[in-house]
Amino acid sequence: MQQQVSLEQGDVNQSTLRQAYHSGLDDATKALIAEDAAVFLHQALSTPVMNVLGKTEGPYIYDLQGKAYLDLHGNGVHAAGFSNAYVVQKVIAQLNQSLAFTPRRYTNQPAINLAKKLVEITPHGLDRVLFCPGGSEAIETAVMLAKQITGRWKTLSFWDSYHGTGFQSAAIGGEEHFSTGNGPMVPGAFHVEFPNYYRNPWGLTNTDDVDTEYLRQIKIILQRNPDMAAVIGEPISATPVVPSQNYWLAVKDLCKQYGMLLIFDEIIEGFGRTGKMFASEHFVTPDVLVLGKSLGGGLMPFAGIVTRDEYNVLQNRSIGHFTHEKNPLCSVAGLATIEYIEEHNLVENSALLGDYLLTQLANLQETYPIIGHVAGKGLHIGVDLVRDRQTKERAIQEAETIMYLCMQDGVAFKIIEGNVITMRPALVIDKGHCDTIISTLKKALDKVSIR
Ligand SMILES: Cc1ncc(COP(=O)(O)O)c(C=O)c1O
C-alpha cells in the first residue's frame, strides 16, 4: 500500500529533487544504485539510496568518481573521523592476535579495558557497564533495567525523538514513521513535548516560562501514572533544541520524587559531540547513560549502557543477553576511539569550532530571512529554515533544494523535520572546514533564499 511519507526523520528518497539529483550521476553509479534497489528491501530513508560510496576517510565521504563530500551527518559514528588510522591499526593488531570473538560466559582484556575507561570518563556515579551490538538494543536494555529496578512498567519520553528500531525503542521514540502499521507497540509508553524555545504552542520566548509549561505536561502524567519506571530522552534534542539546565534539574527532581530512573540517550551526543565528553555534563548526571555509534569507532557496530553501582542487583536475570556482549574487536575499536579523542583534544575542538560555526551562522541569519533560527552546542547544530519569520512556516521545499545544491558543491548533510539542516561533522575538522561549510551554504542560500 502506498502511503504518504513523513519527513520527520529526514529527507526521503521519493522526491522529485532526488530524481533530478540521480539523473546527474554517471552511468556506473546509476547502475550500482539500480543493482542495490533490485536486491534490498525498499525503505523511505535508505533504499533506493542517494549515491554510492567508494571511500570514507577523516571528515569526508567519497563517491565512486573520488569526489569528496564533507559529511555533516555520518550517522553519528564519525567522532574520531572515518577510517581513523589509529583505530584501524588497533583493530588490525587485535585481529592478528586471533582474539576477535569471545563466547558468552568468557571475558577478555579489551572488553574489561573499555568498560573501565567508560567508568573513568563518564560522569561520577556511573560505575557499571553492559555492552550490546547496537543503539536500539542499548535503549532496550536501559528500559529493561529501569523496569527491573523499579518494578514498574511505564515510560515517559518525548514526541519527535528517535531512539531506535524495534518494538520498545520505537514505542518510546516519538515518530509515527517507525511505529504505524506494526500493531500494538510496547504498552505504557507516554510522551510529552521536548521543551522548545523557538517553536512552542504558546508563543512563549522566556526560558523559565517555556520550561514551566513543558514541566507541567510531565507532572500531569506522573500524577496520574504511579507505574512510571523511567524518563528517557536525549539531553539535547536531535533538531537540536538545547534545554536549560534548570529544565533537566527539575526533571531529575521529579524522577527522584516519583521513584523513577532518568535515562539519557547519548548515542549521538556522547564522545565530544556537544563540546563536552558527554552531553549530560551540561545538565545533570542520569541514572543510566546510553552510548553507541562512535563507541564502535565507525568500524564496528557497538553500544552499551553505563549505570549506577546500586543497580547491580540482577544476578538472577539477564537483560542484555547478546552474542557480541563482550566482543574484543569492538572493544578495541571503542577504546582506541576514546584514546584518539582525548589525545587530539577533539572535545575542546568541538566546543571551539561549534561556537565559531554558530557565530558564522548567526551572521548569515542577518542577511538571509529564510534562516529562522540557529541552535546547537559544540558540533551539534541545526539551522531552521522558514518561509516567514513571523509565522515560522517551515521552508520544506527550499531546505531540500539547498541540501542538493550543497551536495553538488561537496558538503553533505541531512534534513530533519522537513526544514532543519543538521550539522554534525566529524570532530577532527578545523576552521577551514567550517569556512567551507559556511561559504557552500551561502552560495546555496543565494540561489534559493526568500527575501
Ligand atoms: C539518538 C539515537 N538513539 C538510538 C539510535 C539507534 O541506534 P542504532 O541505529 O545503533 O540501533 C539512534 C540511531 O540513529 C539514535 O540517533
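Any read-out appearing in this document is the output of simple, stated calculations on the displayed coordinates, not a laboratory observation. This is a predicted model, so every value here is computed, not measured. Please note: Cβ atoms are built from the backbone with ideal geometry, for glycine as well, and neighbour counts cover all protein chains shown.
Just a few scattered comments:
- Rounded to 5, percent antiparallel among DSSP beta bridges of the chain: 65 percent
- Gyration tensor over alpha-carbon atoms, region 264-311, equivalent ellipsoid semi-axes in Å: 18, 15, 6
- Once the Cβ-Cβ distance of residue 393 and residue 193 is raised to the sixth power relative to R0 = 30 Å, the FRET efficiency obtained is 0.95.
- Long hydrophobic helices in the chain: the complete DSSP H runs spanning 24 Å or more by Cα along their own axis with mean Kyte-Doolittle hydropathy of at least -0.5 are 346-367, 431-448.
- Counted over region 1-124 with a bin width of 10 Å, the fraction of Cα pairs per bin, in whole percents, is 10, 26, 28, 22, 13, 1.
- Solvent-free Debye scattering, log10 I(q)/I(0), computed from the Cα coordinates of region 85-343 at q = 0.10 Å⁻¹: -0.49
- Each 5 Å bin from 0 upward holds the following percent of the Cα-Cα pairs of region 292-356: 4, 15, 17, 18, 17, 14, 8, 5, 2, 1, 0.
- Computed across region 162-210, the Kirkwood hydrodynamic radius from all distinct Cα-Cα pairs reaches 12.6 Å.
- Using R0 = 30 Å, the C-beta based FRET efficiency linking residue 253 and residue 186 works out to 0.65.
- 37 °C / 0.692 mPa s Stokes-Einstein diffusion coefficient of the chain, Kirkwood radius on C-alpha pairs, µm²/s: 144 µm²/s
- Within region 257-372, the percentage of alpha carbon pairs spaced more than 23 angstrom apart rounds to 47%.
- Residues 72, 427, 95, sorted so that the one with the fewest Cβ neighbours within 10 Å comes first: 95, 72, 427
- Descending principal axes extents, region 389-451, alpha-carbon based, whole Å: 37, 22, 20
- Contact order relative to length of the chain, as percent, for alpha carbon pairs under 8 angstrom and 6 or more apart: 22 percent
- Each peptide among 33-44, 299-310, 106-117 gets the average number of other Cβ atoms lying within 10 Å of its residues, and from highest to lowest they stand as 299-310, 106-117, 33-44.
- Listed by chain and number, the lysines placed with their C-alpha closer than 18 angstrom to that of residue 55 are 30, 67; residues fewer than eight positions away on the same chain are left out.
- In nm, spacing of pseudo-spin labels at residue 204 and residue 15 (7 Å Cα→C-beta vector): 3.3 nm
- Between residue 62 and residue 317, the modelled labels are 4.9 nm apart [label points 7 Å from Cα along Cα→Cβ].
- Base-10 log of normalised Debye intensity for region 307-438 (one unit scatterer per alpha-carbon) at q = 0.22 Å⁻¹: -1.27
- Our estimate of slack between residue 348 and residue 42, defined as 0.36 nm per intervening residue step minus the Cα-Cα distance, is 106.1 nm.
- Centroid-to-centroid separation of region 195-248 and region 343-393 [C-alpha atoms, Å]: 22 Å
- The slack in the chain from residue 281 to residue 119, taken as 0.36 nm per residue of separation less the alpha-carbon distance, amounts to 56.9 nm.
- Normalising by residue count, region 191-291 has a Cα convex hull of 94 Å³ per residue.
- Altogether, the Stokes-Einstein calculation at 37 °C and 0.692 mPa s, with the Kirkwood radius of region 220-264 over Cα pairs as Rh, returns a diffusion coefficient of 292 µm²/s.
- Spin-label pair residue 246-residue 101: with each label point 7 Å from Cα along the Cα-Cβ axis, the two points sit 5.4 nm from one another.
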